[in-house]
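To keep things clear, I will list the structure first and then write my remarks on it.
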Amino acid sequence: MSRSRESRMRDIVATIQSDQYRLITHDPGSPLVIQGGPGTGKTAVGLHRAALLLYDHREQLERDGGVLVVGPNPLFLRYIGQVLPSLGETSVVQTTVAGLCTVAVRADDPDEAAALKGDERMVAVIGEAAWGRVQPPTDDWHMRTGWGDVRLTAAEVAGTLERVLASERGRTVASARERLRVELVKAAHDHLTAKRHDLGVVAPDVREHLARHGALRRHIDALLPPITAPALVRRLLSNPAFLDAVSGNVLTVAERRMLRRRRGSAASGTTWTLGDAVLIDEAEAVLGGSRPRRFGHVVVDEAQDLTPMALRVVRRRVSRFPSLTLLGDLAQASAPGATASWGQAAAALGAAEATVHLAVLTTGYRVPGQIIELANRLLDEIGVAVEPTGSARTTPLAPWARFVARPSDLAAQAAHVAAALASRHRTVGLIAAEADHAAITDSLGTAAQLVSGAGEITIVRPIEAKGLEFDAVVVLEPAALADGGRSGLSLLYVAITRAVQELVVVHHRPLPSALTDIDAG
């Protein structure tokens, strides 16, 4: 457990503990949620569980679509990418929530808009947007056929449409269009046979002709206009009148204003955000568009950061519900709109909380005791009710801090410290805000000339550090993270718990209270 880390996670079957093994072998017949602090082995449990399920239930799982692993970002997926192959499993699909969606994600929403798009109330908004486009007939419907003309009154068509909507509203718009087609063909056929009794002999031919008639298709398009999921969401976000009409009973005026976008902006479909992509996936489900690939078992890592709407994306990928494994730590939740509890997550997945098996791991095997004790001081400030994590190991390298007198020197000092750490550690993580990455990268070249070493240095944003581990970690300006409120404190909690040997903070501003007694270096 204290060995030097590599740039990718490897199989840790030799270090699996008894509490972890019980979860690996847990019955797949109910959703399993594993809450655990940093270094408790959640990811290892989830991946080994996937491998064991494939070993024990391969035929069934492959018949149901296989196994899916959902991670928080591509960096994390690269990190864990070799674990399952090392266990003999190469067919498991590993992707992100964005990767499950049908549009490319190339932009980010402001936090408030991201949280709103992830709110479960958007289910009602998307549903109303999809079904609210129904256009009741105002004129009689006329169709000319080889057996005579058909004329149905507007009242007859409206009655048929009303019955179809009443029976199909809980399904999809596509199923409603098909049901409407069947009902209108029947009505048209009855209208013809009422005038020509000899049509009974060729009734199948008449019905087939009516079903393929262009006038019928055009009439259905007028009653239930066809639309793609991206086009529906684009209209929702860029047409204020339409948004007001379908969400007035669900969202406040301020919330509707928050969702609106200018025409030609990201809503044009060229720069969708993750929140947009999740809404599009919901719209696909309501409209009855392309059906997503489904899997026999789904493992979701860092699940604490998924919004209710994102969890619904996951739910639609499970072919044998409730064969699900959720891994996460509520103390590390930092995404806007993330679920507040595992009970809320279960509800978003469509599972009764009573049916979910919640397991709590409290012993860390990766993060040394000195570092996890620092992290635990943040839990009260984060304000989440989780059990503090203990540690099964210590390190002789005490956490330390490097104070930098001038803010302009922060990046260079962080790079110099990282290079020095790389001379004695195999992997070094430098966790800093994205705005500092370019300056750090420039400084690393100079620092590497001063300190020889073969260690690998990885520069990551705090949000990208989740699930990763390094021999040594440099955290740049912790106070800037703490300024971000609860989510910022959660990211600081994440950042300082990525180290398995040595932790260094480089700062100009005063350290957050949890770190004030850290040794100066």
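Under 5 Å between amide H atoms, partner at least 5 residues away or on a different chain: which partners does T96 have, H built in plane at 1.01 Å?
Placed amide hydrogens put G71 under 5 Å from T96.
To make sure I understand the rule: partners must be aspartates and glutamates, Cα under 13 Å from the Cα of K466, and not fewer than 8 residues away in the same chain. Which ones qualify?
Partners within reach: D301, E302, D305, D329.
Only one of the listed values, (1) 1.01; (2) 0.97; (3) 1.09, was derived from the coordinates as Rg/Rh (Cα atoms, Kirkwood Rh); which label is it?
Recomputing Rg/Rh (Cα atoms, Kirkwood Rh) here picks out (3).
Quick one: dipole size for the chain, taken about the Cα centre, charges +1 on Lys/Arg Cβ and -1 on Asp/Glu Cβ, in debye to the nearest 20.
The calculated dipole for the chain is roughly 1340 debye.
For the range 202-258, which whole-number percentage of the solvent-accessible area (1.4 Å probe, protein heavy atoms only) is attributable to carbon and sulfur atoms?
Of the solvent-accessible surface of the range 202-258, carbon and sulfur hold 55 percent.
What order do you get for 399-408, 378-387 when each peptide is scored by the mean count of other beta carbon atoms within 10 Å, highest first?
Packing order, densest peptide first, comes out as 378-387, 399-408.
Give me, ordered by chain and number, the residues 5 or more places off V505 or on other chains with an amide H under 5 Å from its own placed amide H.
W400, A401, R402, V475
For n ≥ 4 DSSP H runs only, could you compute -39500 (n - 2.57) per run for the chain, divide by its residues and tell me the 222 nm figure to the nearest 500?
Values: 23 runs with 228 residues, N = 521.
Taken over the chain, the calculation gives -13000 deg cm²/dmol.
Under 29 Å Cα-Cα from K186, which lysines qualify once same-chain neighbours fewer than 8 residues away are excluded?
Partners within reach: K195.
Rounded to whole Hz and in sequence order, give me ³J(HN,Hα) for the range 432-439 from the Karplus expression 6.51 cos²θ - 1.76 cosθ + 1.60, θ = phi - 60°, writing x for Gly and Pro.
Rounded to whole hertz, the list is 8, 4, 4, 4, 8, 5, 5, 5.
How much length is gained on full extension from R196 to T252, taking 0.36 nm per residue of separation minus their Cα-Cα distance?
14.5 nm
With a Cα-only, solvent-free Debye model of the range 111-171, what are the log10 I(q)/I(0) values at q = 0.13, 0.14, 0.19 Å⁻¹?
For the requested q values the scattering log ratios are -0.56, -0.61, -0.82.
Got a sec to turn the phi values of the range 58-70 into Karplus ³J(HN,Hα) couplings, 6.51 cos²θ - 1.76 cosθ + 1.60 with θ = phi - 60°, whole Hz, x for Gly and Pro?
Those phi angles translate into 4, 4, 5, 5, 5, 5, 8, x, x, 10, 10, 10, 10 Hz.
Placing unit charges on C-beta atoms (Lys and Arg positive, Asp and Glu negative, everything else neutral), compute the dipole magnitude of the range 363-521 about its Cα centre in debye, rounded to 20. If you can, show how the numbers build up before the last one.
On the way: 12 positive and 17 negative charges, 40 e Å.
The calculation lands at about 200 debye.
Which ³J(HN,Hα) values in Hz, rounded to whole numbers, follow from the phi angles of the range 119-127 under the Karplus curve 6.51 cos²θ - 1.76 cosθ + 1.60, where θ = phi - 60° and Gly and Pro get x?
Coupling constants for the range 119-127: 5, 5, 5, 5, 4, 5, 5, 5, x Hz.
For the ranges 275-282, 112-119, what's the packing order if you count other beta-carbon atoms within 10 Å of each residue, average per peptide, and put the highest first? Can you show the working numbers first?
Working: 275-282: 26.5, 112-119: 20.8.
The densest-packed peptide leads the list: 275-282, 112-119.
The values are calculated or read from the model by the stated rules, or taken from the named source; none is laboratory data. Just so we're clear, the structure is a prediction, and the values are computed from it rather than from any experiment. Using ideal geometry, Cβ is built from the backbone for each residue, glycine included, and neighbour counts are taken over all protein chains shown. With ligands, DNA and RNA removed, areas are computed over all heavy atoms of the protein, side chains included. Shrake-Rupley method; radii C 1.70, N 1.55, O 1.52, S 1.80 Å.
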